[in-house]
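Asker: Right, I'll just put the structure down here and ask away after.
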Amino acid sequence: MHACFYVTMENIQIFMPIAFAILILTLALLSSLFYFRLRRAKQKKREITHKAEQDIAKIKEDLETRLAEVQAEAERKAHAVQTEHSRALERYASIIDLEAEVERLNALGQSQVDEAKSRVLTLNGEALAEQENIRKLREDYKQKRSTYDRLKSELAIFDERLALAELGVYEPHFDFGDSEAFKNAIKGVRDSQKDMVKRKTAVFGTKVWTVDGSVKKGETMINRAVRITLRAFNNECEAAIANTRWNNVQAMEKRIIRARDAIDKLNASNNVIISNNYLQAKLRELRLTHEYREQLKIERDERAEVSRLQREEKRLLQETKAAQKEEERYQQLLEKARAELGVVTSAAHQAKVEELEQLLIEAHAKTERAQAMAEKTKSGFVYVISNIGSFGENVIKIGLTRRLDPSDRVRELGDASVPFLFDTHAMIYSEEAPALEAALHSEFAEQRINAANMRKEFFRVTLSEVKEAVQRLAPNAEFHTNIEAQEFYETLAKRKELAKQLAENDARELPTEI
């Protein structure tokens, strides 16, 4: 049989103290364990707290150090930067909620971005509108410039100050021999105009009008319009003809034509017109008047040339008489000296006789040349001269003189009208002087400086070119290519010296560097 364990009161009483003791011991152990854990937790807490305090102190120390550095840096900045920094500190010192401030700044930034985008769109629209305005302005300017050019062209007709580059070459319409023929032609064309006015073919109406049912009143109205038209057109033509000059003939022709067109346009409503025949008569009068004035200039120049030639002929006769008198004087002196030679036999007297004989020979040659030139109207001297100081290099004058001493003519050309004297390169005597002069002029016709006035005998050529032509046309002539121009080069030297002195004065007053 198995043994059985019976719980009895006696057994309970025996084990109860033991169990209670065990319980007490267990509680004591648990309390000790809890105490030790609590103590360890407090120790850990103290360590964590101490570490946190150390970290906080370190952070505080770092912050204080950084703050000191920032303050030191701020002190080194300019007053303006310090002020701005102070404002920034004041602005951010009031910040309590950093996240709220960030949100506010983000919202503000977005608002500014939106505002900027809106401004960009506005500016783009304004730019497009401005581009459209510019396009319209350009088109408007183009139209107005076209109108301006047209009006300027029309105004040029009334303006005598035309640029030479715009001048056309006027081709003469008439070939009359003298100014008197032009005067007669002008009178004839004016008489024809009067005849057209009398026959009512100058200005006329092309339509029969009735006024208040009356044809006669209509004729009166048209006649009045015709008279007004004639007066207006004639006044325009007279003004154009009176103002015609060598440089505006074609412009004055256009002025008359446009005056006729403008008046006809104003009369379009009553059908009154200026006839083409009357217009052509006015243009003919203008051209005749212009060419008449030009012919007067030509005749005036011709008279001046004739007067110059007459003065030269008169002077040649005077020089001939003077040469004859000089020859006679030397002849008398020589005869007297020869008569004395039988009495006085000194070497000095003999030398004087020989000198007088030589002077007599020269005087006789001069007399013969003067007589020959007086008898031969085509004889004379063709001269080649230059004036570098007055006209520059490679400008040559080729002319003719019949004076017994041709250098007088050269000196005359170099008088007060030019600043420097002429240099003579050739003085060629010829019994056919006009032909020689014409041949030289023909050689350099394309180099003639003044192509409008043939009496201006200046050519833009080199001395070597002229020398070659002279040697070919007058082989025995002497030609000098040297250019003395003494006064001109002396003037240049003085100006150079003056410039040097001025430069030295400037150098003394203003140093090159400091």
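Asker: Given a cut-off of 22 Å, name the pairs among 136/265; 297/456; 216/282; 187/297; 198/282; 314/378 whose C-alpha atoms lie farther apart than that in the structure shown. Don't skip to the answer; put the middle values down first.
Answerer: On the way: 136/265 33 Å; 297/456 14 Å; 216/282 31 Å; 187/297 20 Å; 198/282 16 Å; 314/378 15 Å.
Cα-Cα > 22 Å for 136/265; 216/282; rest within.
Asker: Provide 105, 359 in ascending order of the number of other Cβ atoms located within 10 Å of each residue's Cβ, fewest first.
Answerer: Least crowded to most crowded, the residues run 105, 359.
Asker: Roughly how far apart, in whole Å, are the Cα centres of the stretch 310-328 and the stretch 194-221?
Answerer: Each part's Cα centre sits 75 Å from the other's.
Asker: Take peptides 320-328, 398-406 and line them up by average Cβ neighbours within 10 Å, highest first, as a rough protection proxy.
Answerer: Listed from highest to lowest mean packing, they are 398-406, 320-328.
Asker: Related question: Expressed as a whole percent, how much of the Cα-Cα distance distribution for the stretch 179-305 exceeds 25 Å?
Answerer: For the stretch 179-305, the fraction of Cα-Cα distances above 25 Å is 35 percent.
Asker: Here is a follow-up. Starting from 0.36 nm per residue, how many nanometres of slack lie between residue 442 and residue 351 once their C-alpha separation is accounted for?
Answerer: Gain on extension, residue 442 to residue 351, equals 27.7 nm.
Asker: At a Cα cut-off below 20 Å, give the lysines reachable from residue 142, other chains included and same-chain residues fewer than 8 away excluded.
Answerer: Reachable lysines: 152.
Asker: Taking Cα centroids, how far is the stretch 14-33 from the stretch 475-498 in Å?
Answerer: Comparing the Cα centres of the stretch 14-33 and the stretch 475-498, I get a distance of 151 Å.
Asker: Measure off 7 Å from each Cα along the Cα-to-Cβ vector at residue 317 and residue 478, then give the distance between these two points in nanometres to one decimal.
Answerer: Each label point is offset 7 Å from its Cα along the Cβ direction, giving 3.3 nm.
Asker: Where the eigenvalues come from the Cα gyration tensor of the stretch 378-483, what are the semi-axes √(5λ) of the equivalent ellipsoid, largest first, in whole Å?
Answerer: They are 19, 16, 14 Å, listed from largest to smallest.
Quick note: the coordinates plus some simple rules give every number you see, no bench work behind them. Computed from a prediction, not measured in an experiment: that's the story for all the values here. We place every Cβ from the backbone using ideal geometry, glycine too, and count neighbours over all the protein chains shown.
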